[in-house]
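Structure first, then comments.
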Amino acid sequence: MIVAVFEREDAARHALNRIGGRWPATLQSGTPLEHSGEEQRLGRIIARAAAAGAVAGAAIAVSVQWWTATIAYPLDIGGRPSPAWGSYVPAAIALAMLWSAAAAFVAFLVASGLPRLHHPFLASEARDALYRGCVLLSVECPEEEHGEAEVLIGEAGPSSIVVVEE
């Protein structure tokens, strides 16, 4: 991981924009800067997971109710046909909402890299720059691309660049 310390926010934004296309999923900043495209990427992942969870929950609810009503325990009540689909809708909607919320929560945790109890950045000397009000940018990239990342970050004018071992 490479950590760059910037004195000015605009320089950090410039570096973030320069690297954004290279390693989009691994950018982190030590201040509340907007990541170009990060919130859209995270939103797409969560939305897709929620939709998949809703479909899976509704399908499971309808399948279990159909199996119970037609195969496991068929009852002839009021001359209704065995697969009375209208009665399956309330439980299907409830399970779709439940599974959607659970899938969105799990997708958020996975996409955000949580729960991560220790970050290697906390053991570096660049951590102290946060107390001085500096802007930090960390880039996780393969070791063979460290040189290229340092050059891209260096063009934005950081006050220091530190390589942190994980």
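Quick grid of which residues meet (1) on the phi < 0 side of the Ramachandran plot; (2) in contact (Cβ under 8 Å) with a residue 12 or more places away in the chain; (3) among the hydrophobic types (A, V, I, L, M, F, W, C):
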{"site": "53", "(1), (2), (3)": "yes, yes, no"}
{"site": "69", "(1), (2), (3)": "yes, yes, yes"}
{"site": "76", "(1), (2), (3)": "yes, no, no"}
{"site": "92", "(1), (2), (3)": "yes, yes, yes"}
{"site": "106", "(1), (2), (3)": "yes, yes, yes"}
{"site": "127", "(1), (2), (3)": "yes, no, no"}
{"site": "152", "(1), (2), (3)": "yes, yes, yes"}
* Asked: Of everything in the range 98-108 that's surrounded by fewer than 19 Cβ atoms within 10 Å (Cβ to Cβ) and farther than 30 Å from residue 17 by Cβ, which residue is farthest from the chain's Cα centre (by Cα)?
  -> 98
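This table checks each residue for (1) of a type in the set (Val, Ile, Thr); (2) under 30 Å from residue 139 (Cα atoms); (3) under 24 Å from the mean Cα position of the chain (by Cα).
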residue	(1), (2), (3)
62	yes, no, no
67	no, no, no
71	yes, no, no
96	no, no, yes
117	no, yes, yes
122	no, yes, yes
* Asked: Among the residues of the range 123-154, which ones are closer than 17 Å to residue 8 by Cβ and either of a type in the set (A, V, I, L, M, F, W, C) or touching a Phe, Trp or Tyr at 6+ places or on another chain (Cβ under 9 Å) (or both)?
  -> 126, 129, 130, 134, 135, 136, 137, 153
* **Top-ranked residue of the range 155-165 - restricted to ones that are of a type outside the set (A, V, I, L, M, F, W, C) and either under 27 Å from the mean Cα position of the chain (by Cα) or over 14 Å from residue 10 (Cα atoms) (or both), ranked as surrounded by the most Cβ atoms within 10 Å (Cβ to Cβ)** => 160
* Filter the range 2-20 for residues that are charged (D, E, K, R) and farther than 13 Å from residue 130 by Cβ; which is surrounded by the fewest Cβ atoms within 10 Å (Cβ to Cβ)? -> 10
* To do: Hey, could you check the range 126-148 for residues that are crowded, with 20+ Cβ neighbours inside 10 Å and either at pLDDT 85 or above or in a strand (DSSP E or B) (or both) and say which is farthest from the chain's Cα centre (by Cα)?
  => 135
* Just a yes or no: is a residue in the range 109-120 open to solvent by less than 70 Å² (accessible area, probe 1.4 Å), in contact with a strand residue (DSSP E or B) (Cβ under 6 Å, 6 or more places away or on another chain) and farther than 24 Å from residue 46 by Cα? -> no
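The values are calculated or read from the model by the stated rules, or taken from the named source; none is laboratory data. Only a predicted model underlies this, so the values are computations on that prediction, with no experimental measurement involved. Don't worry about glycine lacking a Cβ; one is built from the backbone with ideal geometry, like all the others, and counts go over all protein chains shown. SASA here: full protein model, heavy atoms, side chains in, ligands and nucleic acids out. Shrake-Rupley method; radii C 1.70, N 1.55, O 1.52, S 1.80 Å.
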